[in-house]
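The structure appears below as structure tokens.
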Amino acid sequence: MRKRHYYKGEPMDMLHTVAFKEMHTIISCMVKLSSPVNVNRLKKAVELTSVQIPEILCYYQPAKNRWVYSSKLKHTVVVQLGENDDPPQQPIDFLRDTQLKIFIKNIPEPMIYIVMSHIFTDGSGFKEFLYLLANNYNHKKLISNFHNQRSSESIVKHCSAIIENINQKWICLIIF
């Protein structure tokens, strides 16, 4: 059982909720496989990954800018599809369901479609997530020093450094 049921959001999380009724912003990848995925092993990998990134099992509350964990949702991440189901056409609702969905289709050819909320992550974070999930799927040692960094503090520091640099140039121009 989780210690907390809420995880604080970052100010940037709200950015991708603008016009959310018209468009869900997602990050996804589709991989065709040479053999069917082991569903139980994948579910275990998702569970291990959620220890490191608990927000993947949460839904997002924009009004309170927070991630809400519900034990009922953790079983809705991995979804097996039938032969006629189209993975990109599956319904997704990040305000009521998990921030991660993994659709598996084994017929006519094995494939996996992984979708994550852009509210939660960007492309770079999604790529790191995929590496972490693959590590956990392949029974590698759990990465103990992993820290899910979502703070926009580094962006603010970087922008402040740029502004500081610009201000120094203006001071030099004024002096000369």
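The values are calculated or read from the model by the stated rules, or taken from the named source; none is laboratory data. Predicted, not measured: the structure shown is a model, and the values here were computed from it. Quick reminder, even Gly has a Cβ in these numbers, built from the backbone with ideal geometry, and neighbours come from all protein chains shown. Quick note on the areas: whole protein, heavy atoms, side chains included, nothing else; ligands and nucleic acids left out. Shrake-Rupley method; radii C 1.70, N 1.55, O 1.52, S 1.80 Å.
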key: Residue among Val68, Val79, Val31, Val46 that alone is open to solvent by 20 Å² or more (accessible area, probe 1.4 Å) and touching a residue at least 40 places away in the same chain (Cβ under 8 Å)   = Val31
key: Set Pro91, Pro110: member being surrounded by 10 or more Cβ atoms within 10 Å (Cβ to Cβ) and either at pLDDT below 80 or not polar (S, T, N, Q) (or both)   = Pro110
task = Of the conditions (1) at pLDDT 85 or above; (2) open to solvent by less than 50 Å² (accessible area, probe 1.4 Å); (3) outside any helix (DSSP H, G or I), Asn135 clears all except one; give me its number.
result = (3)
request  = Find all pairs meeting these conditions: Cβ atoms under 7 angstrom apart; at least six residues apart or on different chains; first residue within segment 84-105 and among the β-branched types (Val, Ile, Thr); second residue in a loop (DSSP other than H, G, I, E, B).
outcome  = Ile92/His24; Thr98/Val77; Ile102/Val77; Ile104/Val37; Ile104/Leu81
note = Flagged in segment 29-44 as among the β-branched types (Val, Ile, Thr) and either over 15 Å from Val79 (Cβ atoms) or outside any helix (DSSP H, G or I) (or both), in numbering order, are Val31, Val37
task = Please specify each residue of segment 28-54 satisfying the condition of being modelled with pLDDT of 90 or more and touching a strand residue (DSSP E or B) at 6+ places or on another chain (Cβ under 7 Å).
result = Ser28, Cys29, Met30, Val31, Lys32, Leu33, Val37, Val39, Leu42, Lys43, Val46
ask   = Given the structure, is Lys127 open to solvent by 30 Å² or more (accessible area, probe 1.4 Å) and modelled with pLDDT under 85?
value = no
query = Mind checking whether some residue in segment 67-83 is among the small types (Gly, Ala, Ser), modelled with pLDDT under 90 and farther than 17 Å from Ile26 by Cβ?
reply = yes
